[in-house]
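Structure first, commentary second.
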Amino acid sequence: MPRTDPQPSPRRGAGELEAAVLSVLWEAGRALSPGEVQQALTGQAGAPAPELSYSTVVTILSRLHAKKALERRREGRAFRYAPVADEAGLAARRLAAMLDKEPDRQAVLSRFVADLSGSDEQLLRDLLGDGAPEGG
């Protein structure tokens with residue numbers, strides 16, 4: 001009789017785990033320890049992996065802290081982590097960081113604006129205080 005190995009659980013990418021950790025922290029509304037994050041992730045419907053280890057959670061939290069997405073403060077022998085911004089704020093920080101890496105900011109911004117949909121372009125104009133429609 002042939003031996004069948006159990007199917008390995010699909011491995012999640014770091015980006016998925018980071019998003020799940022950030023989601024837990026945003027929902028908590030307060031700084032959490034790695035153990036609390038691990039417990040929340042395991043209890044979530046559609047959790048990234050029920051067997052997510054404590055060390056994996058610590059690694060993800062440390063990566064997010066290094067990316068300046070989380071702040072941390074020492075409590076006893078461990079750290080507690082909290083997001084530095086909400087989802088929109090974090091996305092804006094990522095966009096600004098990407099822009100900072102480009103040598104020709106004007107070209108990147110010009111291409112970005114040129115590729116916007118009409119409604120997004122109008123929204124950007126409104127945000128910049130130039131809400132007047134074109135040609136008027």
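Each reported figure results from applying straightforward, stated rules to the coordinates on display, with no laboratory input. Keep in mind it's a predicted model, so treat the numbers as computed, not measured. Glycine also receives a Cβ, built like all others from the backbone with ideal geometry; neighbour counts cover every protein chain displayed.
Residues in segment 73-107 that are charged (D, E, K, R) and either more than 16 Å from the chain's Cα centre (by Cα) or under 18 Å from Glu16 (Cβ atoms) (or both): Arg73, Arg74, Glu75, Arg77, Arg80, Glu87, Arg94, Asp100, Lys101, Glu102, Asp104, Arg105. For segment 15-33, residues that are surrounded by 17 or more Cβ atoms within 10 Å (Cβ to Cβ) and touching a residue at least 60 places away in the same chain (Cβ under 8 Å) total 1.
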